[in-house]
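Shown next, in structure tokens, is the structure this report addresses.
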Amino acid sequence: MVGDEDERRSLILSLFACLECATGLGLILAPDLRICLLFGQTESVPVTLLLARLGGAALLAVGAMSWGAGTFHRSQAGLSLLIGVTLYNGLAALVLAYSAFGLAMRGVLIWPAMLLHAALLLWCLASALRMQRQR
């Protein structure tokens, strides 16, 4: 049963890693398109594009971290990586919610992205708690 849970955790983290790496690459290569899809902003100033690319680089790092977290079953390193991914998903959901509700910046992908990060936050919290109890 624990082995199945480890495999499921590895699969979910691997899928999350692929998604974040793809998003990161998209932000690096075509930040204006991603900004439009997420926030509905069609005109981007150079500093916005630069910050989007920097965010893309960070997402690549998050993706790499998530990929690695799936291979450290029940270890302190795996738990630490999972805590980092949990923090990222919580903050990402909050920032996206703020952009949608507080700033009225709503592209077609804002709601799916916000809901995905919120769901991943809940999954990460539950998974981290299970890992902590198993140790």
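No lab work stands behind these numbers, since they all come straight from the coordinates. Please read all numbers here as calculations on a predicted model, not as lab measurements. With ideal geometry, Cβ positions are generated from the backbone for all residues, glycine too; neighbour counts draw on all protein chains shown.
Neighbouring Cβ atoms within 10 Å as the yardstick, rank CYS18, CYS36 fewest first.
Numbers: CYS18 13, CYS36 17.
In order of increasing Cβ crowding within 10 Å: CYS18, CYS36.
Shape summary of the chain, radius of gyration then Dmax from alpha carbon positions: 15.9, 52 Å.
Place a +1 charge on the Cβ of each Lys and Arg in the chain and a -1 charge on the Cβ of each Asp and Glu, then give the dipole magnitude about the Cα centre in debye, rounded to the nearest 20.
Values: 9 positive and 7 negative charges, 58 e Å.
Dipole of the chain, to the nearest 20 debye: 280 debye.
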